[in-house]
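Engineer: Shown below is the structure under consideration.
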There are 2 protein chains.
Amino acid sequence: MTKTVKNAAGRLVPTEINGEKHIPYKGVGKHKPEGRKHAPRIPTNADYPPDGNKLVDNLKDALIKAGLKDGMTISSHHHFRNGDLIMNKVFDTAKELGVKNLRWFPSASFPCHEHLIPYLEDGTIQRIEGSMNGPLGRFTSEGKMKGTAILRSHGGRYQAVQDGEVQIDIAIIAAGTADPFGNANGLTGTSASGLLGFALADSQYADKVIVVTDNLVPFPCVPWQIQGNYVDYVVKVDKAGDPDKIVSGTTQITKSPDRLLLAEMTAKFCEATGIIKDGFSFQTGAGGTSLAVSKYFGDIMREKGIKARFARGGSNKYLVEMLEEGLIEYILDGQTFDLEGVRSMRENPNHTWTSPFTSYNYHSKGNFAGMVDVVILGATEVDVNFNGNVVTHSDGLLMHGIGGWQNCLFSKTVILPLPLFRNRIPVIVDEVTTLVGPGELIDVIVTERGIAINPLRKDLIEASKNSGLPIKTIQELKEEAEKICGKPQKPEFTDEIIAAIKWVDGTVIDVVRKLKKFD
Amino acid sequence: MTKTVKNAAGRLVPTEINGEKHIPYKGVGKHKPEGRKHAPRIPTNADYPPDGNKLVDNLKDALIKAGLKDGMTISSHHHFRNGDLIMNKVFDTAKELGVKNLRWFPSASFPCHEHLIPYLEDGTIQRIEGSMNGPLGRFTSEGKMKGTAILRSHGGRYQAVQDGEVQIDIAIIAAGTADPFGNANGLTGTSASGLLGFALADSQYADKVIVVTDNLVPFPCVPWQIQGNYVDYVVKVDKAGDPDKIVSGTTQITKSPDRLLLAEMTAKFCEATGIIKDGFSFQTGAGGTSLAVSKYFGDIMREKGIKARFARGGSNKYLVEMLEEGLIEYILDGQTFDLEGVRSMRENPNHTWTSPFTSYNYHSKGNFAGMVDVVILGATEVDVNFNGNVVTHSDGLLMHGIGGWQNCLFSKTVILPLPLFRNRIPVIVDEVTTLVGPGELIDVIVTERGIAINPLRKDLIEASKNSGLPIKTIQELKEEAEKICGKPQKPEFTDEIIAAIKWVDGTVIDVVRKLKKFD
């Protein structure tokens, strides 16, 4: 059995995962990193083609040239979301070459990667470190993955690479457009995905970098989001990705009247507490409810005749409309959630690229998240101490990634609009199944039956006093839900750790254990 | 006396400079770096203001907060060229605080920095590593600097910082516009200097980074050329720099009929040898003759109805006109040499920013220089083996920096249009006073009395055979000059090394010694 210790959040976490040392969570802002950033090997131009042409015939050749071998770490980005066409091929090739024990280090995985389950079973892939949405999450939950999964936020992924906690051997960067030198962007071509920022750390720190594109242009590929100076090989393929599949369920505005109510209440709360004011800033996550909040924000801004200094993306058509209407001065975007986002980013200089480095990396000299006035996020569960969970459901199954969720908690006000229950399971619980975000960073829970404000935010309690909004305690909300649904049964876990959850500073905030029913 | 060894170019160079080990030049592409890039300390957001506001009252406070103390390395960029208003103040402050033995590590220094001579004399500044134009060059030549100067190319400077050869304690980045988080650009504001690329390495690798601006905007400063995530402190001053002084003598097109002839011959040579063709690329340096070459290139392109895929800057009004006329698809710019360059870069997405990292760093996976079809450069001297000198004059005085000159030698064809003599001193000599660029990389010398092609470039010799151009050997050109001016007297040097000249890979290609007349 793995040795565990109680971390600062009271969770039992291991100090060793997959044979590597990891530090238990110490509290928000408490872990002070020592040491230095990861130092990649110094390359020399003398080892690269003098004319800058790094084209290689095909992906297999590139992987062989990059030295693909047992035990390596292969990374990839998820800007194509469920439209990724490359990573399945990469592991098909690894299988074909008989390479074993790989670590896949994607910025996120999607249902399209169900294809990889046989490779997880036969040991081609030893483990995945990155979010596991859908089938891979279930596979992991069932305790079938050979190694232990490690989930990191977008910022935590950058931090882990920067700090040398994860050393990438081969980075695969699928790009809408690239030149033979390796300069690449996601803005143009028939496989445009918008940004390539999730691959930034990979390009900077990986030992070998392979750019894959279906739209090869003569040097220079302008603008470049990935710099060819970091790239080893360029491969032209028939199709680099399927941008139509960027849009997923979580990137459409909700049509549910219940969810729209949540969104409206959230917007009203922000209006009543003075958060919405001229020059303010906001971020709404990828969930359907969060997206609806932007819409209501827009209505309020129009009415008041004010504008926002900036909105943080993930961008989508709603945000783009607000930018084009002049309600928002800048979109600082990390990820385009639909093709309108891609178009706007290509055309509008005020639709600005960001990366997990600029926006979310906790091990830098500050990041953008702290400068956002209000962020609207989702959660699978929240507990009476305002702790949040986004990775497991109340049934204990690991089904989601962390995304930028943890990183956004550092914004000035964090609001979670949540239905009081889902499928008759209350969302507010005594203790979250998996701790992903500490309660001290979560300010407001908006439900259809009332709004709970974190007692730490006396200013918001004061400001919303005479708002007419249904302010309640989180205890009251929990009790209301339990009156309707009954007290939910807690999932029963074995001791076996199937995944570790990292905090933004690289410490282990919690783990996910294997469910008894899978034992 | 310093111990010296003969390097691969036959020059006697020290293996230790200023108490640090340095590697003698081994030949082009021969030195293979071992080891890893410099790894900066890992910072944490927990040590920075949660709201991202890094404003400090004044420069002095910022320097004190940054821990300014004896023996530190202070870096700066030269995008303002002779209009730098900050660095003199930085060292005034150091003097005021009684700090000694500083190393100043500018990307270049200019006559405006003559102000620093007393600090070089009193030991506030121990030495300068960077180009020394004008008065500082003379001061150094006279052997008055306490330490030994080290001159690096723009790419070599990036390489030295990246590789940890030069570790910067405090980087000062003067910017036209910045926000309180430290995002900064040189595009806007009354002190716009165009780019800030020369400060890129400094921002990425320095221990502490101070941004100085006179145009503070609310977050976000878009676009950012320097990322606030690397910045420690932001200081607002009355005036960050004087853009009117960006234009210097070397950034105006020549009016001399002799030089115009050189430029025209150069262009004709490129036409005759097929270098000028549809989709080609070129770079003309900052010298007046080089600038005139662009003009003639334009004439030829118009006549032929072709366009260039890209031109590399330094940009200036001539290049901007060609871009706007459609003769050039992209300007890949590293430095704006006039205000038209700044304007174009601000307005035109095809006027693209580059940095010493993308364009010139030899310790990367290739750089842009190798992809340029033809580059037109200046030189103070060339010898019969096509070796070039740009830092000293034939009188042995150190008067110029290397700039991007060494880095550009990796372009496909390197042409030096040079007058056969200057002030009755021949430019083609038996052996260059200071070796800055190896002859194997210099292809063509164009003089008003003939064109010499490097025997290594059989293709160019063949292609120009029936061009009607006055092709001669370099020996013939040298003899013609000597017939007119007489054999020039060689300067007499002592053994004392006053400056080391680095090659692009960090090795020592030559040194400059103190002149006997100053002994």
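Engineer: Any idea what Rg and Dmax come out to for the range B:51-246 if you just take the C-alpha atoms, in Å?
Structural biologist: 15.3, 51
Engineer: Also, quick follow-up: Taking the Cβ of residue A:508 as the center, what net charge do the other residues with Cβ under 11 Å away carry, scoring Lys and Arg +1 and Asp and Glu -1? It would help to have the intermediate numbers written out before the result.
Structural biologist: On the way: positive: A:11, A:21, A:26, A:152, A:502; negative: A:16, A:505, A:510.
After counting each charged neighbour, the total is +2.
Engineer: Right, next: Report relative contact order for the range A:249-491 in percent, whole number only (criteria: Cα-Cα under 8 Å, sequence separation at least 6).
Structural biologist: 17
Engineer: Then there's this: Could you order peptides B:330-341, A:315-326, B:358-369 by the average number of other Cβ atoms within 10 Å of their residues, highest first?
Structural biologist: Numbers: B:330-341: 25.0, A:315-326: 20.5, B:358-369: 27.1.
Put in order of decreasing packing, that is B:358-369, B:330-341, A:315-326.
Engineer: Over the protein assembly as shown, what is the percentage of antiparallel beta bridges among all DSSP beta bridges, to the nearest 5? Can you show the working numbers first?
Structural biologist: Working: 54 of 160 bridges.
The antiparallel proportion sits near 35 percent.
Engineer: Check the axis relating chain B to chain A and name the residue of B whose C-beta is nearest, distance in whole Å.
Structural biologist: Smallest Cβ distance to the axis, with its residue: B:39, 2.
Engineer: Report, in degrees rounded to the nearest 10, the 0 to 90 angle that the Cα long axis of helix B:288-304 makes with the longest principal axis of chain B.
Structural biologist: Approximately 60 degrees, to the nearest 10.
Engineer: How many nm is it between the label spots at residue B:422 and residue B:463, if each spot is 7 Å from the Cα in line with the beta carbon?
Structural biologist: According to this spin-label approximation, the distance is 2.8 nm.
Engineer: Kindly give the distances from residue B:97 to its copy-mates, label point to label point, with each label point 7 Å from Cα along Cα→Cβ, as nm values to one decimal ordered shortest first.
Structural biologist: Label-point separations across copies, in nm and ascending: 5.2.
Engineer: Cα centroid distance between the range A:96-159 and the range A:8-34, in Å?
Structural biologist: 22
Engineer: Moving to a separate point now. Summing -39500 (n - 2.57) over the DSSP H runs of n ≥ 4 in chain B and dividing by its residue number, what mean residue ellipticity at 222 nm do you reach, to the nearest 500 deg cm²/dmol? Could the numbers behind the result be given before it?
Structural biologist: On the way: 14 runs with 122 residues, N = 519.
Rounded to the nearest 500, it is -6500 deg cm²/dmol.
Engineer: Shifting gears a bit: For chain B, what is the convex hull volume of its Cα atoms per residue in Å³? All intermediate terms of the calculation are to be shown ahead of the outcome.
Structural biologist: Values: hull volume 69.6 nm³, N = 519.
With only Cα atoms used, chain B gives 134 Å³ per residue.
Engineer: Can you give me the P(r) profile for the range A:435-519? Cα pairs, bins 10 angstrom wide beginning at 0, each as a whole percent.
Structural biologist: So the P(r) values, bin by bin, are 15, 29, 30, 21, 5, 0.
Engineer: At a 10 angstrom cut-off on C-beta neighbours, averaged per residue, how do the peptides B:66-76, A:197-207 rank from highest to lowest?
Structural biologist: On the way: B:66-76: 19.5, A:197-207: 25.2.
Top of the packing list down: A:197-207, B:66-76.
Engineer: Something else: Considering Cα pairs under 8 angstrom that are at least six residues apart, work out the relative contact order of the range B:1-136 and quote it in whole percent. Don't skip to the answer; put the middle values down first.
Structural biologist: Values: 160 pairs, mean separation 22.1, N = 136.
Contact order relative to length: 16 percent.
Engineer: Ordered by packing density, taken as the mean number of other Cβ atoms within 10 Å over each peptide's residues, highest first, how do B:119-130, A:14-25, A:419-430 rank? Each step should come with its number before you reach the end.
Structural biologist: Working: B:119-130: 20.1, A:14-25: 15.7, A:419-430: 18.2.
Peptide ranking by packing, descending: B:119-130, A:419-430, A:14-25.
Engineer: Which pairs, out of B:255/B:517; B:26/B:487; B:69/B:502; A:54/B:30, put more than 24 Å between their alpha-carbon atoms? The partial results should precede the final answer.
Structural biologist: Numbers: B:255/B:517 35 Å; B:26/B:487 31 Å; B:69/B:502 27 Å; A:54/B:30 21 Å.
In this structure, B:255/B:517; B:26/B:487; B:69/B:502 exceed 24 Å between Cα atoms.
Engineer: Sticking with this one: Measuring from a point 7 Å out along Cα→Cβ, what nm distances, shortest first, does residue A:303 have to its partners in the other copies?
Structural biologist: The projected label point of residue A:303 is separated from its counterparts by 7.0 nm.
Engineer: Specify the angular offset, from 0 to 90 degrees and rounded to the nearest 10, of the alpha carbon long axis of helix B:87-96 from the longest principal axis of the alpha carbons in chain B.
Structural biologist: On a 0 to 90 degree scale, this one is about 50.
Engineer: Now for a different question. So if I take the centroid of the Cα atoms in the range B:257-318 and the same for the range A:327-401, what is the distance between those two points in Å?
Structural biologist: Here the answer is 48 Å between Cα centres.
Engineer: Grab the other residues whose beta carbon is less than 10 angstrom from that of residue B:369, score K and R as +1, D and E as -1, and report the net. Don't jump to the answer; show the numbers that get you there.
Structural biologist: Working: positive: B:312, B:412; negative: none.
Every neighbour counted, the sum reads +2.
Engineer: Across the residues of A:366-374, average count of Cβ atoms on other protein chains within 10 Å? Don't skip to the end; give the middle numbers.
Structural biologist: Values: counts 19, 6, 7, 3, 8, 12, 2, 0, 0.
Partner-chain Cβ atoms within 10 Å, mean over residues of A:366-374: 6.
Engineer: From the Cα trace of the range B:105-188, what convex hull volume per residue do you get, rounded to a whole Å³? Before the final figure, lay out the partial values.
Structural biologist: On the way: hull volume 10.8 nm³, N = 84.
Convex hull of Cα atoms, per residue: 128 Å³.
Engineer: Next question. With each label point set 7 Å from Cα along the Cα-Cβ vector, what nm distance links residue B:258 and residue A:146?
Structural biologist: Rounded to a tenth, the inter-label distance reads 7.5 nm.
Engineer: Same structure again: Residue by residue through A:216-226, how many Cβ atoms from other chains fall within 10 Å of the Cβ on average?
Structural biologist: Values: counts 0, 0, 6, 8, 12, 0, 8, 4, 3, 0, 0.
Across A:216-226, the average partner-chain Cβ count within 10 Å equals 4.
Engineer: Got the residue B:257 label distances to the other copies yet, label 7 Å along Cα→Cβ, in nm, shortest first?
Structural biologist: Distances to the matching label points in the other copies: 9.1 nm.
Engineer: Nearest 10 degrees, 0 to 90: what angle lies between the long axis of helix B:474-485 and the longest principal axis of chain B (Cα atoms)?
Structural biologist: 90
Engineer: Still on this model: Show which aspartates and glutamates lie in cross-link reach of residue A:295 when reach means a straight Cα distance below 12 angstrom and same-chain residues fewer than eight apart are skipped.
Structural biologist: Once the sequence-local aspartates and glutamates are set aside, what remains near residue A:295 is A:264, A:321.
Engineer: Indicate, rounded to the nearest 5 percent, the antiparallel portion of the DSSP beta bridges found entirely in chain B. List each step's numbers first, then the result.
Structural biologist: On the way: 26 of 79 bridges.
Taking every DSSP beta bridge with both residues in chain B, the antiparallel ones total about 35 percent.
Engineer: If you bin every alpha carbon distance in the protein assembly as shown into 10 Å steps from zero, what whole percent lands in each bin?
Structural biologist: 2, 11, 19, 23, 19, 13, 8, 4, 1, 0, 0
Engineer: Next up: Report the Stokes-Einstein translational diffusion coefficient (µm² s⁻¹, integer) for the range B:249-494, Rh taken as the Kirkwood radius over Cα pairs, at 4 °C with viscosity 1.567 mPa s.
Structural biologist: Values: Rh = 18.2 Å.
Roughly 71 µm²/s, to the nearest whole number.
Engineer: Say each of residue B:278 and residue A:431 gets a label point 7 Å from the Cα, pointing the same way as Cα to Cβ; how far apart are those two points in nm?
Structural biologist: 7.4
Bear in mind these aren't lab numbers, they're just calculated from the coordinates by the rules spelled out. Here the structure is a predicted model, which means the values were calculated and not measured. Positions of Cβ are backbone-derived with ideal geometry, glycine not excepted, and every protein chain shown enters the neighbour counts.
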